[in-house]
């Protein structure tokens, strides 16, 4: 029983009795020095319990006052038990000696073999039975000698006391073992419940992570579809613009190819100019006294394109006009005014609407589409669109050039028709 109790207060690391016992979250108990050394022998901030392998950190190590008191009580009981055992062993040895000594006597007479007298005394010094003559001998004269009856009462009393003490101790040890066994059982049950709870929590965590993974994937797929849809819409717009640009390019090229036979090249110039007999002159208005020049030919169908070099002029107007009775009336024009900037005017509208021209053109392209009733103006230097407008085709139209105001010689450069 003492061995069982000793096992209960023994550290499983050092296999010795607990010294400064501490408790882990799994409720296993170790010496503080043993479990701290076990923790520090690892590579990280945590370690596994030597009993159940449950992970713990240094902050999880708790001093258990109840365990310490129980260990101290168990040690005290073991110490008393050891002392009592030694006392019982000594008494048993003494009784055994007396028993052997008695057997040396004549069992029938129970007399002293030396004096043939009845053994009626007990020498505590020699721990043997003696007779009255032995008591008077010099051998036992100074020894502590008592009558057998007195010694018997004392020994029986000691034995009964020892028996009661052992009975009480055994009862207490049985209770302690029972409590410790129940505690071990409870620890195992709590450990099992904790393990099940941990498994449940980790399963819930795994389910949450799986749900979150699906949510993130769905969100990514949704964003991908939205981004692709926007990109496809932009691509459709760009493709439409490209088709429109190609159509305009083809129409301009067609107009250029159609009217090639109407141009004449000068030997010393890269420009194409209209012959003098193909140009009509008239005064534009009394207001600015500038001239209006129109081409001799007029058109009611097809596509036609002209390029006019405006250079660094400060005031000019280029567009198409209505031909009627050898007179030309302005219909749709693009104008640069030294006072109001670039504007597109229609049908005698002197104000017109402003046009945002970021790069000043040196050449202006005029594209007349009779089929669409539309006039387009381009920066012929880089073929960017300046603006568009509709016109009326009840009568034939032709190209009109307005050199602009003289401005005291600052706007004296001519307008040169490069392509017609």
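The values are calculated or read from the model by the stated rules, or taken from the named source; none is laboratory data. Fair warning: this is a prediction, and the values are worked out from it, not measured in the lab. In this analysis, Cβ positions are derived from the backbone assuming ideal geometry, glycine residues included, and neighbour counts consider all displayed protein chains.
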(request) Identify all residues within the range 390-400 that are in a strand (DSSP E or B) and within 19 Å of residue 354 (Cα to Cα); write none if there are none. (result) 390
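State whether the residues of the range 323-342 include one that is at positive phi and at pLDDT 85 or above.
As a first pass, look at the range 323-342 and keep what is at positive phi: 325-326, 341.
Applying the additional criterion that residues be at pLDDT 85 or above yields 341.
Looking for residues that are at positive phi and at pLDDT 85 or above, one finds at least one in the range 323-342, hence yes.
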(message) Looking only at strands (runs of 3 or more DSSP E) that lie completely in the range 14-76, which have at least 1 residues being touching a residue at least 12 places away in the same chain (Cβ under 8 Å)?
(response) 21-23, 29-31, 55-57
(request) Go over the candidates 100, 5, 54 one by one and state the one that is at pLDDT below 70 and either exposed (fewer than 14 other Cβ atoms within 10 Å of the Cβ) or touching a strand residue (DSSP E or B) at 6+ places or on another chain (Cβ under 9 Å) (or both). (result) 100
(message) Looking only at the range 372-384, filter to residues that are outside any strand (DSSP E or B) and in contact with a strand residue (DSSP E or B) (Cβ under 9 Å, 6 or more places away or on another chain); which one of those is farthest from residue 342 (Cα to Cα)?
(response) 372
(request) Identify, from the list 387, 365, the residue that is touching a strand residue (DSSP E or B) at 6+ places or on another chain (Cβ under 9 Å), outside any loop (DSSP other than H, G, I, E, B), surrounded by 14 or more Cβ atoms within 10 Å (Cβ to Cβ) and in contact (Cβ under 8 Å) with a residue 60 or more places away in the chain. (result) 365
